[in-house]
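What follows is a short report on a single structure.
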Amino acid sequence: MLLSCTKKLADALKIKVFEVVPIRRNPLFEWHANLFVYQRRKGVIVMNNLTRYCVVLYGLKAEHFKKIDELVLSAIEQTFRAEGFSDEVISNFVRTSARVIYAKSSDRSILGQLVDVQYHLEWRIDEREPTDSIFLVDISKELNRIPLSKQMNYDYAIDLLQAELEKVQQ
């Protein structure tokens, strides 16, 4: 999995990121990630480059950033399970994504959509009861049912993801 990080996230992870151009590209396994702070708690929004499907981690502490690659994969797996994807689809996706490569964020349109998602996320966090879990699965599901921009034909991220995963399974 290629995880393109914003400068803010790369600084929090204490890693140097570079422009990476994969030899064999598969946008389904390429994601962008952004760090945000809301109500003095840190969170990460991870968005798929192809489908704009997003997953949210919130309430992260310093020890979480040391194993962010494992947490992101776990968040994707839990959210996919909650979406009702089959175990076979989930295990194939996680197995293919097991090795995480960090890169510099490169697509400004995705970064813009990450900011839009953060706006929707913040008021959803406000209307929920606080939770000890860092995986905001229910909120992630809601965010993926918001129509996307004109660039994405106003489709829903969940529908685009389902279509792409069906292609991979064939």
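Here are some notes:
- Measure of compaction for the stretch 18-70 (Cα Rg per 2.2 N^0.38 Å): 1.31
- For residue 158, neighbours were defined as the other residues whose beta-carbon sits under 12 Å from its Cβ, and their charges (Lys and Arg +1, Asp and Glu -1) total -2.
- The chain gives an Rg/Rh value of 0.93, both radii derived from C-alpha positions and Rh following Kirkwood.
- With every protein chain in place and a 1.4 angstrom probe, the accessible-area ranking of 131, 51, largest first, reads 131, 51.
- Helix runs (DSSP H) in the chain reaching 15 Å along axis by Cα, Kyte-Doolittle at least -0.5: 68-83, 108-126, 157-169
- A 1.4 Å probe run over the stretch 8-71, with the rest of the protein chains in place, finds 54 Å² accessible per residue.
The values are calculated or read from the model by the stated rules, or taken from the named source; none is laboratory data. What you see is a predicted model; the values in this text were computed from it and never measured. With ideal geometry, Cβ positions are generated from the backbone for all residues, glycine too; neighbour counts draw on all protein chains shown. With ligands, DNA and RNA removed, areas are computed over all heavy atoms of the protein, side chains included. Shrake-Rupley method; radii C 1.70, N 1.55, O 1.52, S 1.80 Å.
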